[in-house]
Amino acid sequence: MTEHAELKIYPYKMMKIYSVSFKNLSDMHMFLTSDPEVNRKIFIRQHSLMGQTEFAGESLEKAVDYLIGGYSGDYEIALRMQKELEKTVIIKESSRQREKAMAGSHPNVPAYIAGVPKAMYKLQRAKEKKFVTIWFNLAYPVMTSDGAIINRGALTLSLVSLLEAHGIGVDLKAFTACYCRGEIFISKIGLKSPSELINGKKCFYPMCSRLFLRRVIFRVMESMPFEETEWYPNYGEPMTEDQLRAIFGISDNDIVISSPVYMGIGGENINHDGKRFFKRIELEKYIDIYSKKDSLL
């Protein structure tokens, strides 16, 4: 497609997949500023460009600029929601225990005086570091509220922080997956590798802003060589978690964050949303947590 975007078109069962990948937000910015050709046979009117502010937010030009310039938007709200949730959650830490040994880092003085062979202490072997991939689907139904979008993003950022605090490396992949009749659209972008710490401000824009989906992703979709005419005007339907796991080959150990309504997120109370969210992803499979109040699990 271009040096900044990799497009693959291939069959899947009785359907056709259009998959476009970006290494990072900068590559997405470079792709869009090249003004890719619009598929006029399908998109007779560009929602990315002409969508009302009430529906899509600021202009496409600004939406593209935010890819490299940063976007604050409702970040303070998301941060406040995240902190409110994390006040109620405590990780059950599992510290490494000492054990008696013939060689170690600390002497066992009573044992040494008594002539016992195992007169040293050593820490138990640390558990092998675990890794998990989180697949975050940017797509959601058109009537989803801003509160639900922000809460889903804030909860996911809290989830990453909880996993990392428990010594679990996280690979965070943001994607859009939707379909129209016999065609599937997939857009993937890397947000965080397992070796990186979570950057909340960097992740906020794609994860919490309707501007990103309804301007940026829509503009990417408008450049796809789709054949199904019904992509316009609704730009497809979001895919279910089962469909996503099958298409991507996602293992049972990986976490899929689907639309807010599927994750049980209403957008009003972050703690109530958190309880349903953590239950949906079965957080207890990865870490042990409890809450100070309004038990989350």
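The values are calculated or read from the model by the stated rules, or taken from the named source; none is laboratory data. Here the structure is a predicted model, which is why all the values come from computation and not from measurement. Neighbour counts are summed over all protein chains in view; Cβ atoms, including those assigned to glycine, are modelled from backbone coordinates with ideal geometry. With ligands, DNA and RNA removed, areas are computed over all heavy atoms of the protein, side chains included. Shrake-Rupley method; radii C 1.70, N 1.55, O 1.52, S 1.80 Å.
Going by the conditions given, is L32 closer than 24 Å to P206 by Cα, in a strand (DSSP E or B) and not aromatic (F, W, Y)?
Values: closer than 24 Å to P206 by Cα: yes; in a strand (DSSP E or B): no; not aromatic (F, W, Y): yes.
No.
Scan the stretch 186-212 for residues that are among the aliphatic types (A, V, I, L, M) and modelled with pLDDT under 95 and jot them down. Selection gives I189, L191, L197, I198, M207, L211. Scanning for something closer than 23 Å to Q46 by Cβ, of a type in the set (G, A, S), modelled with pLDDT under 95 and outside any helix (DSSP H, G or I), does the stretch 222-234 turn up at least one residue? Among the residues of the stretch 222-234, not one is closer than 23 Å to Q46 by Cβ, of a type in the set (G, A, S), modelled with pLDDT under 95 and outside any helix (DSSP H, G or I), which makes the answer no.
Scanning the stretch 144-179 for residues being more than 17 Å from the chain's Cα centre (by Cα) and either open to solvent by less than 10 Å² (accessible area, probe 1.4 Å) or without any contact (Cβ under 8 Å) to a residue 24 or more places away in the chain (or both) gives a total of 0.
Kindly indicate whether Y262 is on the phi < 0 side of the Ramachandran plot, open to solvent by 20 Å² or more (accessible area, probe 1.4 Å), assigned to a strand (DSSP E or B) and out of contact with any Lys or Arg (no Cβ under 7 Å at 6 or more places or on another chain). Talk me through it step by step, then tell me what you get.
Numbers: on the phi < 0 side of the Ramachandran plot: yes; open to solvent by 20 Å² or more (accessible area, probe 1.4 Å): yes; assigned to a strand (DSSP E or B): no; out of contact with any Lys or Arg (no Cβ under 7 Å at 6 or more places or on another chain): yes.
Here the answer is no, as Y262 does not meet what is asked.
Of the set (1) surrounded by fewer than 21 Cβ atoms within 10 Å (Cβ to Cβ); (2) touching a helix residue (DSSP H, G or I) at 6+ places or on another chain (Cβ under 8 Å); (3) assigned to a helix (DSSP H, G or I), all apply to I198 but (3). Residues that are aliphatic (A, V, I, L, M), under 25 Å from the mean Cα position of the chain (by Cα) and open to solvent by 20 Å² or more (accessible area, probe 1.4 Å) within the stretch 26-69 comprise M30, L60, I68, listed in sequence order. Screening I189, I150 for residues that are within 21 Å of G57 (Cα to Cα), β-branched (V, I, T) and touching a helix residue (DSSP H, G or I) at 6+ places or on another chain (Cβ under 7 Å) leaves exactly one candidate, I150. Residues in the stretch 1-28 that are touching a Phe, Trp or Tyr at 6+ places or on another chain (Cβ under 9 Å) and assigned to a helix (DSSP H, G or I): L25, M28.
Specify which of the listed residues (L283, L213) is closer than 15 Å to N137 by Cβ, in contact (Cβ under 8 Å) with a residue 40 or more places away in the chain and either surrounded by 14 or more Cβ atoms within 10 Å (Cβ to Cβ) or not hydroxyl-bearing (S, T, Y) (or both).
On the way: L283 fails: closer than 15 Å to N137 by Cβ.
Exactly one residue qualifies, and that residue is L213.
Would you confirm whether or not the stretch 97-108 contains a residue that is open to solvent by 20 Å² or more (accessible area, probe 1.4 Å), among the hydroxyl-bearing types (S, T, Y) and at pLDDT below 95? Yes.
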